[in-house]
Amino acid sequence: MSEINSEITPEIVASHGLSESEYEEVLSIMGREPNLTELGIFSVMWSEHCSYKSSKKWLKTLPTEAPWVICGPGENAGIIDIGDNDAIIFKMESHNHPSFIEPYQGATTGVGGIMRDVFTMGARPIANLNALRFGRPDHPKTKHLVSGVVAGIAGYGNCMGVPTVGGECEFHASYDGNILVNAMTVGLAPADNIFYSAAAGIGNPVVYVGSKTGRDGIHGATMASTEFSEDSEAKRPTVQVGDPFTEKLLLEACLELMATDAIVGIQDMGAAGLTSSSFEMASKGGVGIEMDLDAVPQREVGMTAYEMMLSESQERMLMVLKPGREDEARAIFEKWELDFAVVGVLTDTKHMVLKHKGNIVADLPIDPLAEASPEYDRPWVETPKSDVISPDDVEPPADIMVALKTLVASPDLASKRWIWEQYDHMVMADTVARPGGDAAIVRVHGTTKAIAATSDCTPRYCFADPVQGGRQVVAEAWRNLTAVGATPMAVTDNMNFGNPERPEIMGQFVGCVQGIGEACTALDFPVVSGNVSLYNETNGTGILPTPTIGGVGLMADVHKRASLAFTDDGADIVVIGETKGHLGQSLYLRDLEGREEGAPPPVDLATERKNGDFVRGLIEAGRITTCHDISGGGLAVALAEMAMAGGIGADVSTPEGSPALHAWLFGEDQGRYIIATNDGDAVLADAAKGGLTAEKIGVTGGQALTVAGAGTISVTDLAEGHQNWLPDYMSAP
């Protein structure tokens, strides 16, 4: 089929993921029928993955500004100012569909892509995190997917020499046919030397650098914008192939060129490859581009214009240079053994004109593709409210300590050491707190400052009540940063949902965005970057709504930090925050009672703020060095995690007026922390002055966890199941 004069049939339009009304808009913009290359470009630029056409109406409502925000959403990544001419650049993105089809390459290229988003802005990546969701452990594909995804993340991050320092991994039947792989990168850049993507300067050269272009990943963006069916295996060719060693060379070459003043604008080639990078750069700069595709470095013979523009081959960048700086830049990239080619020039036409083999193969107006993509106000319905479950409606366990042991060895709460030990989390020698704590801590090299980072989501809450679930995911990220002593600064989000064309799914998205916005506003925790991944479902069955939040916080002095481990015998154990014993949507209810029901715990944002500021003040004043937020599994699981981390037990009892023992132990009330202190009475007095709820519940010591009225269990016994579940699962035949 000729690319230039092909007849575009309704079947061809449908195969490119465009609706009839969208194609009518294409015809209106073009004033003629597009050729196949032009249709392919519209297809990827207007895909859900690239255009956010179902979500941008709602994303615009999120708070994105603060005095410390240098750049919010709209660039490759968000930027915050941490003082001393240091800027932190960070973002989270998904590679869900590719990782289900081809787990190793899907995860690998997800990690590579998010690192490029960060270093294309002038930052050296200093930390990676990942948030993983898999199906039931007994599903026939789950073990294969876990193995491939973890190996892919490790293979790329380790080869790049960037530590993977944190994340999460959970299992649920809703992800059986559609796993989630969300990757986050945090980078450090000089605040006075940040690079943006807008093209500028008519006549300036457009330069392609990095790997050669192949046929891998063609229509990857379109594939990521549709739900799965039985033929998902047939989509394997749309998964990109990564090479971390080439990306390492690309990183170093880009940073070397960035030390000069030769770059006008730079953009990585991610989803939709050469198409999205060129259109976005030109649109932001209000210019046109004339590109000669014969100059594009190609690794395969006979590539068409369609294939070159839609390829998602990895480890590539597009940049605009100042005139006359081409030889200087070429020398740097060739020194690093990378391709370098001048492929185009900026024009004043505001059109993308593509030439191939002496012919004009595409002539497209830029702004309608980059800016005027469809924006839908999808119909949505509010998620029905669930009943609040009284503790009296939940049976207490026959043996509370057996219940606790079962919970800490459950798939979601079991140690993920098997995963993070495959990652090099200490490379670069600045990792202060390794995976497994409330938040990872990475020192700003050569200083006493540090960055704390975390990834959080509670999908079961978001499914039951999207607004409360959206509030909670932000609040938990804020608590996790606070618990190590960091001041929460900003978040990136990864909005993973099912098919937005179903009103109940769109209602989940709208509710979660509302809750996230409310929490980010109340906690001064703006959204500076993010990603939306929709159509995460198979054969009409969607995932639980999973709006993952990646939070970043700042520690002025890394020596003033807290960990979750009990470290001394005889310390007072104090709970900050009120315990009512909320069991709706709790892990206790789900994993021990087999009931996924009830309203999630409410989130009081004013109380979250007050309690968190109080705890952070204690840490900053050096009054406590042990702190842990209370989340899934409640107070009992938090105590067990603190005991296992330090190898020291505790003797606790319920304060007067507490709810039923099983509700007190396993309820998931929000806004709470456990601290260990040598001066519990003074902490309680200060809390009372501040109008906070705080209760002393026991003391640390010994080798067992004892709860009055519930019994005793050794820390070793708890740790056995907690540490062994995942390695035993992965090694079983």
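The values are calculated or read from the model by the stated rules, or taken from the named source; none is laboratory data. Predicted, not measured: the structure shown is a model, and the values here were computed from it. Using ideal geometry, Cβ is built from the backbone for each residue, glycine included, and neighbour counts are taken over all protein chains shown. All accessible areas refer to the heavy atoms of the entire protein, side chains included, with ligands and DNA or RNA removed. Shrake-Rupley method; radii C 1.70, N 1.55, O 1.52, S 1.80 Å.
In table form, for the structure just shown:
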{"read-out": "Which numbered condition Val44 misses (of (1) part of a loop (DSSP other than H, G, I, E, B); (2) among the β-branched types (Val, Ile, Thr); (3) at pLDDT below 95)", "value": "(1)"}
{"read-out": "Identity of the residue in segment 252-269, among the acidic types (Asp, Glu) and in a helix (DSSP H, G or I), that ends up nearest to Leu39 (Cα to Cα)", "value": "Glu252"}
{"read-out": "Identity of the residue in segment 47-92, of a type in the set (A, V, I, L, M, F, W, C) and in a loop (DSSP other than H, G, I, E, B), that ends up most open to solvent (accessible area, probe 1.4 Å)", "value": "Trp68"}
{"read-out": "Residues of segment 294-339 classified as closer than 17 Å to Val264 by Cα, in a loop (DSSP other than H, G, I, E, B) and charged (D, E, K, R), total", "value": "2"}
{"read-out": "The one condition in (1) open to solvent by less than 10 Å² (accessible area, probe 1.4 Å); (2) assigned to a helix (DSSP H, G or I) that Leu583 fails to fulfil", "value": "(2)"}
{"read-out": "When residues of segment 298-329 are limited to those that are in contact (Cβ under 8 Å) with a residue 60 or more places away in the chain and among the small types (Gly, Ala, Ser), the one nearest to Leu36 (Cα to Cα)", "value": "Ala305"}
{"read-out": "Residues of segment 333-359 that turn out to be within 22 Å of Ala199 (Cα to Cα), more than 35 Å from the chain's Cα centre (by Cα) and surrounded by fewer than 16 Cβ atoms within 10 Å (Cβ to Cβ), as a count", "value": "1"}
{"read-out": "Answer residue from segment 682-733, given it is of a type in the set (D, E, K, R) and over 17 Å from Asp568 (Cβ atoms) and is nearest to the chain's Cα centre (by Cα) among those", "value": "Asp728"}
{"read-out": "Single match in Ala224, Ala200 (criterion: open to solvent by 10 Å² or more (accessible area, probe 1.4 Å), of a type in the set (Gly, Ala, Ser) and either under 30 Å from Ala409 (Cβ atoms) or modelled with pLDDT under 95 (or both))", "value": "Ala224"}
{"read-out": "Candidate set: segment 480-497, residues that are in contact with a Ser or Thr (Cβ under 8 Å, 6 or more places away or on another chain) and not polar (S, T, N, Q); chosen: the one nearest to Gly437 (Cα to Cα)", "value": "Val484"}
{"read-out": "Residue list for segment 198-219, filter: part of a strand (DSSP E or B) and more than 27 Å from His445 (Cβ to Cβ)", "value": "Pro205, Val206, Val207, Tyr208, Thr213"}
{"read-out": "Index of the failed condition, Ala259 passing every other in (1) in contact with a Lys or Arg (Cβ under 6 Å, 6 or more places away or on another chain); (2) modelled with pLDDT of 95 or more; (3) more than 26 Å from Gly550 (Cα to Cα); (4) small (Gly, Ala, Ser)", "value": "(1)"}
{"read-out": "Residue in segment 270-293 that is most open to solvent (accessible area, probe 1.4 Å), counting only those that are in contact with a helix residue (DSSP H, G or I) (Cβ under 7 Å, 6 or more places away or on another chain), assigned to a helix (DSSP H, G or I) and on the phi < 0 side of the Ramachandran plot", "value": "Glu280"}
{"read-out": "Complete set of residues in segment 175-197 that are open to solvent by less than 10 Å² (accessible area, probe 1.4 Å), over 18 Å from Val146 (Cα atoms) and part of a loop (DSSP other than H, G, I, E, B)", "value": "Ser197"}
{"read-out": "Failed condition for Asn724, given (1) more than 27 Å from Asp138 (Cα to Cα); (2) surrounded by fewer than 23 Cβ atoms within 10 Å (Cβ to Cβ)", "value": "(1)"}
{"read-out": "Qualifying position, being surrounded by fewer than 23 Cβ atoms within 10 Å (Cβ to Cβ), at pLDDT below 95 and more than 30 Å from Asp604 (Cα to Cα), among Ala732, Ala719", "value": "Ala732"}
{"read-out": "Any hit, segment 23-33, residues being touching a strand residue (DSSP E or B) at 6+ places or on another chain (Cβ under 6 Å), surrounded by fewer than 20 Cβ atoms within 10 Å (Cβ to Cβ) and not in a loop (DSSP other than H, G, I, E, B)", "value": "no"}
{"read-out": "Qualifying positions in segment 475-524 - among the polar types (S, T, N, Q) and either over 15 Å from Ile451 (Cα atoms) or surrounded by 24 or more Cβ atoms within 10 Å (Cβ to Cβ) (or both)", "value": "Asn480, Thr482, Thr492, Asn494, Asn496, Asn499, Gln508, Gln514, Thr521"}
{"read-out": "Selected residue (only one of Asp557, Asp572, Asp591 is touching a residue at least 12 places away in the same chain (Cβ under 8 Å), closer than 30 Å to Thr447 by Cβ and open to solvent by 10 Å² or more (accessible area, probe 1.4 Å))", "value": "Asp557"}
{"read-out": "Subset of segment 413-431 that is buried (at least 19 other Cβ atoms within 10 Å of the Cβ) and touching a Lys or Arg at 6+ places or on another chain (Cβ under 9 Å) - its residue that is nearest to Val637 (Cα to Cα)", "value": "Trp420"}
{"read-out": "Filtered residue count, segment 673-694, keeping only those that are open to solvent by less than 20 Å² (accessible area, probe 1.4 Å) and within 19 Å of Asp604 (Cα to Cα)", "value": "3"}
{"read-out": "Scan of segment 671-720 for residues that are touching a helix residue (DSSP H, G or I) at 6+ places or on another chain (Cβ under 6 Å) and closer than 18 Å to Gly633 by Cβ, ordered by number", "value": "Gly671, Tyr673, Ile674, Leu705, Ala710, Gly711, Ile713, Val715, Leu718, Ala719"}
{"read-out": "From the options Glu695, Glu656, residue that is of a type outside the set (Phe, Trp, Tyr), at pLDDT below 95 and farther than 16 Å from Gly436 by Cα", "value": "Glu656"}
{"read-out": "Of all residues making up segment 363-392, the number that are open to solvent by 100 Å² or more (accessible area, probe 1.4 Å) and either small (Gly, Ala, Ser) or part of a helix (DSSP H, G or I) (or both)", "value": "1"}
{"read-out": "Elements of type helices (runs of 4 or more DSSP H) contained in segment 454-562, each with 2 or more residues being among the acidic types (Asp, Glu)", "value": "503-522"}
{"read-out": "Selection from segment 294-313 of residues that are open to solvent by 10 Å² or more (accessible area, probe 1.4 Å) and among the polar types (S, T, N, Q)", "value": "Gln298, Thr304"}
{"read-out": "Residues being open to solvent by 10 Å² or more (accessible area, probe 1.4 Å) and over 14 Å from Gly581 (Cβ atoms) - total across segment 635-672", "value": "9"}
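Here's the yes/no breakdown for (1) touching a residue at least 12 places away in the same chain (Cβ under 8 Å); (2) of a type in the set (A, V, I, L, M); (3) under 21 Å from Val715 (Cβ atoms):
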| site | (1), (2), (3) |
| --- | --- |
| Glu371 | yes, no, no |
| Pro374 | yes, no, no |
| Arg378 | yes, no, no |
| Ile389 | yes, yes, no |
| Ser415 | yes, no, yes |
| Tyr423 | yes, no, no |
| Met426 | yes, yes, no |
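The rows are residues; the columns are (1) farther than 30 Å from Met30 by Cα; (2) modelled with pLDDT under 95; (3) among the polar types (S, T, N, Q).
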| residue | (1), (2), (3) |
| --- | --- |
| Glu307 | no, yes, no |
| Ala329 | yes, no, no |
| Lys355 | no, no, no |
| Pro368 | no, yes, no |
| Val381 | yes, no, no |
| Pro397 | yes, no, no |
